[in-house]
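Each remark here refers to the structure printed beneath this line.
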Amino acid sequence: MKKIVLILFLLFPFFAQAQLETYGRYTNGGSIELNINYFTSKKITNKLALTFFGLVEQKWSEALIGVSYSPSKLFNFGASAGIEHGTKSPRYSISMRTGKEKTTFAMLWELGDGKDNYLYKANLFHQYSDVFTFGFTASRFHGVGPNFRFSIPKLSSTIWTMPAYDFEAHQSKLMIGLVLKM
């Protein structure tokens, strides 16, 4: 399975739109949790695309393959399934995204094995200029807080930071990351 994921990871960007993101999650307890994720999509038709998402952390990872459907330029819906590290059960994901001009809203839900093995993430962003986007993010294991994004168009990259409070863990966190479009 690792060989298949590696081959997809290396070859898919040449035929699709892709992005690589890495960030550190710092907690007030002094721990640093690193995260690397990779998303790519390849249009099959004007409305349908194949998708791949992979995520690696120090103690956990996942790989999901799916489809996304865009009935119009304003809406996108996705569904995927895959595997997660350390279990023999599948992992499922559904997502939706909407936006008009410079404002976007996206939600993602994932479900793995067991009642506590789930993830949610919601982003509301507004692009104020070619280089600055501001919004709010709510995400399980990350927290709720403002999200500041600074784009570097010449490098097709974005630097972002998000101070947050994780209500489930009862602690403050700070995420700092880099997104590279491929």
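Taking the Cα centre of the stretch 73-137 as origin, work out the dipole magnitude from +1 charges on Lys and Arg Cβ and -1 charges on Asp and Glu Cβ, in debye rounded to 20.
The dipole of the stretch 73-137 has a size of about 180 debye.
Taking a probe of 1.4 Å, how large is the accessible area per residue of the chain, in Å²?
So the chain comes to 63 Å² accessible per residue, rounded to a whole number.
Would you please give the residues with an amide H less than 5 Å from that of Met182, counting only those at least 5 places away or on a separate chain, with H modeled from the backbone geometry?
Under 5 Å from the amide H of Met182: Ala18, Gln19, Leu20.
In deg cm²/dmol, rounded to 500, what helix-only [θ] at 222 nm does the chain give when every DSSP H run of at least 4 residues adds -39500 (n - 2.57) and the total is split over its residues?
For the chain, the value works out to -2500 deg cm²/dmol.
What residues from the stretch 153-182 fall in the zone where the backbone N is under 14 Å from a label point 7 Å along the Cα-to-C-beta line of Ala138?
Within reach of a label on Ala138: 165-168.
Excluding same-chain residues fewer than 8 positions from Lys88, which aspartates and glutamates have a Cα within less than 17 Å of its Cα?
The reachable aspartates and glutamates, counting only those whose Cα sits under 17 Å from Lys88, are Glu62, Glu110, Asp113, Asp116.
Rounded if a/c is under 1.5, else prolate if a/b beats b/c, else oblate: with a ≥ b ≥ c from the C-alpha gyration tensor eigenvalues square-rooted, which is the stretch 59-182? The partial results should precede the final answer.
Values: a/c = 1.79, a/b = 1.28, b/c = 1.39.
Since a/c reaches 1.5 but b/c is at least a/b, the shape of the stretch 59-182 is classed as oblate.
With a 1.4 Å probe and all protein chains kept in place, how do Trp109, Trp60, Trp160 rank by accessible area, largest first?
Trp109, Trp60, Trp160
Can you tell me how the stretch 77-145 classifies by the Cα gyration tensor, rounded, prolate or oblate, using a/c under 1.5 as the rounded cut?
The shape class here is prolate.
What nm value, rounded to one decimal, do you get for the distance between Leu111 and Ala79 when each label is placed 7 Å out toward the C-beta?
That separation, rounded to one decimal, is 1.2 nm.
When the chain is modelled as a GNM with alpha-carbon springs shorter than 10 Å, which of Pro163, Pro153, Pro90 fluctuates the most?
Comparing Pro163, Pro153, Pro90 in a Gaussian network model of the chain, the most mobile one is Pro153.
Sort Glu168, Glu101, Glu84, Glu33 by accessible area with a 1.4 Å probe, largest first.
Highest to lowest solvent-accessible surface, that is Glu101, Glu168, Glu33, Glu84.
Per-residue accessible area for Tyr120 at 1.4 Å probe radius, Å² rounded to 10?
Around 90 Å² of this residue is reachable by solvent.
Taking the dipole about the Cα centre of the chain, with the C-beta of Lys and Arg at +1 and of Asp and Glu at -1, give me whichever of Ala164, Phe132, Pro90 is farthest to the positive side.
Of the options given, the answer is Phe132.
Return the carbon/sulfur percentage of the accessible area of the chain, one whole number, probe 1.4 Å, all protein chains in place.
Summing carbon and sulfur atoms, their accessible area is 67 percent of the total for the chain.
Could you sort Leu20, Leu155, Leu174 by their accessible area in this structure, using a 1.4 Å probe and putting the largest first?
Result, largest first: Leu155, Leu174, Leu20.
The values are calculated or read from the model by the stated rules, or taken from the named source; none is laboratory data. Just so you know, these numbers come straight off a predicted model, no measurement behind them. Ideal geometry is used to build each Cβ from the backbone, glycine not excepted, and the neighbour counts take in all protein chains shown. What goes into the accessible areas is simple: the full protein's heavy atoms, side chains included, and nothing from ligands, DNA or RNA. Shrake-Rupley method; radii C 1.70, N 1.55, O 1.52, S 1.80 Å.
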